């Protein structure tokens, strides 16, 4: 067996994987920063790395926060390559910042012949909310027999949860050209009271959208246990006047619905579009539809490949459309192309940052980028291209985000020690998730109750800081310091024999 692997599909002993002396259970991927220009927004980077079944995972799957240089800030690994997190980001719950994410197994990542359509959640999936101390404070599953879906989990201003969910509904698909003993891969939009668990809102896609309008042929069901993924809902967002904006990839369409009646107010794109498109404004296989001020819509335009019968329309892009409700037209307002251009078969998102910049996760391609608001063109993609990060091998993240975050772990910092020679020791210190640690001090002594300050202040360097201490201890302790020089965390007391 190759000892560089944790399993047959995951490498951890690799130059592309972080390994820490003080945190030996953490093996996040190492990334490469290709572009880093001035003008980027402040914040940390949030991804949830995983890979496809055929690819080798570099590092562990899980939820990963990084700084601008790619150094890990917090990493929570999952115990199997066949488990994933998605939609990992910062939200607000009861007035306080929290981390939210989906957790489960994505169909197509555990087998070459999955039971469900590729990208579907396997049964048992759930959403979770984590506070600033990195404690899980809420877990939530979908209701009415649906499975919590990988695509969307939003905490509303009412402290409710709005999310997507999916269920296989038996149906005769012969009217659509599919098998008689088939299934619709049906989606719902659900809203749940986070305190009581009460289902407050339920929207059944099959009851409102005609499957015949799907770009995916019903005959494709024979490749996925007779399940037809005709809709593939991949985002939902609250809009003005009690509306919801919903993206359906396999319809090539974005829908605005009346939340009270459930009726579709208008459709953008697809076979029944209410809007005519201006030059270069049409999109396909899209993700992450969001409202923007001034009757505009942003989205990630994959323009590629979700169906074998539909080749790439063009390179992927972030796209902002200007909608004219008088003339019912949609025209290009801004575009954001990767430099160089990318063909992206699935996934992806576009996030508006606090300074107006746009942050893009490139989904099935192993990149994330930041752009100045003015954007660029397919012909000149290097313009306003401020930042670009690349993941190793075929590691991907369904979405990527840039958020401000203050992490305050309640567990202590970690320490490891390694004697160099007589009267000198290397102390390794880290504190997974602490955003406030800027420096370390080290104490040492002959007994646990006789420790003296040996290193007053060593600046933190990345996730783990190694500190040379002129002492043979044999007992050592590392204290985390904030920017005011205050001790905010103390490690356990370590004995030098533990490191030999």
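The values are calculated or read from the model by the stated rules, or taken from the named source; none is laboratory data. Computed from a predicted structure; not experimentally measured. When we count neighbours, we look across all protein chains shown, and the Cβ atoms used for this are built from the backbone with ideal geometry, even at glycine.
Data for the structure
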{"read-out": "Selected residue (only one of 58, 65, 129, 81 is in contact with a strand residue (DSSP E or B) (Cβ under 6 Å, 6 or more places away or on another chain) and at pLDDT below 95)", "value": "81"}
{"read-out": "Pairs with Cβ under 7 Å, 6+ apart, first in segment 219-242 and on the phi > 0 side of the Ramachandran plot, second at pLDDT below 95", "value": "225/115"}
{"read-out": "Complete set of residues in segment 143-173 that are in contact with a strand residue (DSSP E or B) (Cβ under 8 Å, 6 or more places away or on another chain) and outside any strand (DSSP E or B)", "value": "143, 144, 145, 146, 156, 159, 172, 173"}
{"read-out": "Within segment 473-487, considering residues that are in contact (Cβ under 8 Å) with a residue 40 or more places away in the chain and surrounded by fewer than 17 Cβ atoms within 10 Å (Cβ to Cβ), the one nearest to residue 425 (Cα to Cα)", "value": "487"}
{"read-out": "Filtered residue count, segment 17-29, keeping only those that are surrounded by 15 or more Cβ atoms within 10 Å (Cβ to Cβ) and more than 12 Å from residue 65 (Cα to Cα)", "value": "9"}
{"read-out": "Hey, residue 19 in a strand (DSSP E or B) and either over 30 Å from residue 477 (Cα atoms) or modelled with pLDDT of 95 or more (or both) or not", "value": "no"}
{"read-out": "Flag if residue 449 is without any contact (Cβ under 8 Å) to a residue 12 or more places away in the chain and either closer than 30 Å to residue 130 by Cα or not assigned by TED's automatic domain parsing to the domain that holds residue 93 (or both)", "value": "yes"}
{"read-out": "Residue 309 being touching a helix residue (DSSP H, G or I) at 6+ places or on another chain (Cβ under 9 Å) and either modelled with pLDDT under 95 or closer than 27 Å to residue 70 by Cβ (or both)", "value": "yes"}
{"read-out": "Residue that is at pLDDT below 95 and surrounded by fewer than 18 Cβ atoms within 10 Å (Cβ to Cβ), where the choices are 419, 412, 448", "value": "419"}
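Quick grid of which residues meet (1) outside any loop (DSSP other than H, G, I, E, B); (2) under 30 Å from residue 345 (Cα atoms); (3) in the same structural domain as residue 495 (by TED's automatic domain parsing); (4) free of Cβ contacts under 8 Å to residues at least 60 places away in the same chain:
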residue	(1), (2), (3), (4)
383	no, yes, no, yes
393	no, yes, no, no
436	no, no, yes, yes
456	yes, no, yes, yes
466	yes, no, yes, no
